[in-house]
Amino acid sequence: EGDSMAEFVTENPLRPRQNAAIAALLNTGKIPDAAAAAGVTTKTVDAWLKAPYFSAALRAAEAEALRGLSRRLAGLGEAAADALSDALDERQPIGIRLRAADLVTQRGPALAELTDIIARLEAIEARQ
């Protein structure tokens with residue numbers, strides 16, 4: 001108990017076939033694809049998924065993939081905001097303007113809320 005996921009994964013290194021299965025799961029999310037990439041049966045991949053060390057490694061790989069995606073999307077934020085601004089131009093067809101307005105009014109408050117949650121979480125972590 002108390003071991004971090006990274007420590008747990010380090011203590012249970014994966015075999016090359018398991019790494020291939022994880023890579024395929026990240027790419028397609030399909031067990032048959034993971035089995036084919038690893039050169040094993042789907043039953044084997046199912047068994048690996050039930051093993052704590054394998055599922056921990058998969059979760060860690062998924063988390064890293066999401067962090068990478070988040071970094072990439074954050075870099076596109078300004079371009080996306082510019083595109084929305086352009087789409088809201090009165091010279092655009094009404095359908096495009098309405099869709100852009102819907103995105104701004106629906107996603108804007110959610111982004112503000114997420115930003116607030118992150119700030120509160122950082123404050124909690126700073127106190128610990």
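The values are calculated or read from the model by the stated rules, or taken from the named source; none is laboratory data. Note that the structure is a prediction, hence the values are computed from the model and not measured. These area figures cover heavy atoms from the full protein model, side chains too; ligands, DNA and RNA do not enter into them. Shrake-Rupley method; radii C 1.70, N 1.55, O 1.52, S 1.80 Å.
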### Message
Between Ala60 and Ala101, what is 0.36 nm times their sequence separation minus the Cα-Cα distance? Round to one decimal in nm.
### Response
11.1 nm
### Message
What number does the chain give for Rg over Rh if you use C-alpha atoms and the Kirkwood radius?
### Response
1.16
### Message
Apply the Karplus curve 6.51 cos²θ - 1.76 cosθ + 1.60, θ = phi - 60°, to the phi angles in segment 70-78 and return the couplings in whole Hz, x for Gly and Pro.
### Response
4, 4, 5, 5, 4, x, 8, x, 5
### Query
Heavy-atom accessible area per residue, the chain, 1.4 Å probe: how many Å²?
74
### Query
Counting only protein heavy atoms and using a 1.4 Å probe, what share of the accessible area of the chain belongs to carbon plus sulfur, as a whole percent?
58
### Query
So what is the relative contact order for the chain, in percent, with contacts set as C-alpha pairs under 8 Å and at least six apart?
16
### Task
Go through segment 107-122 residue by residue and turn each phi into a ³J(HN,Hα) via Karplus (6.51, -1.76, 1.60, θ = phi - 60°); whole Hz please, and just put x for glycine and proline.
8, x, x, 5, 5, 4, 5, 4, 4, 5, 4, 4, 4, 5, 5, 4
### Task
Could you tell me which of rounded, prolate or oblate describes segment 33-95, using a ≥ b ≥ c as the square roots of the eigenvalues of the alpha-carbon gyration tensor, with rounded for a/c under 1.5 and, failing that, prolate when a/b is larger than b/c and oblate otherwise?
prolate
### Message
For the chain, what does the helix formula give at 222 nm: sum of -39500 (n - 2.57) over DSSP H segments with n ≥ 4, over the residue count, nearest 500 deg cm²/dmol?
### Response
-28500 deg cm²/dmol
### Task
Springs between alpha-carbon atoms under 10 Å, Gaussian network over the chain: tell me which of Asp102, Asp116, Asp33 tops the mean-square fluctuations.
Asp116
### Task
Kindly write out, for segment 89-95 in residue order, the coupling ³J(HN,Hα) from the Karplus curve 6.51 cos²θ - 1.76 cosθ + 1.60 (θ = phi - 60°), rounded to whole Hz, with x marking Gly and Pro.
4, 4, 7, 6, x, 4, x
### Message
Compute a Gaussian network model of the chain, connecting alpha carbons closer than 10 Å, and tell me which residue from Leu114, Leu103, Leu25 fluctuates the most.
### Response
Leu114
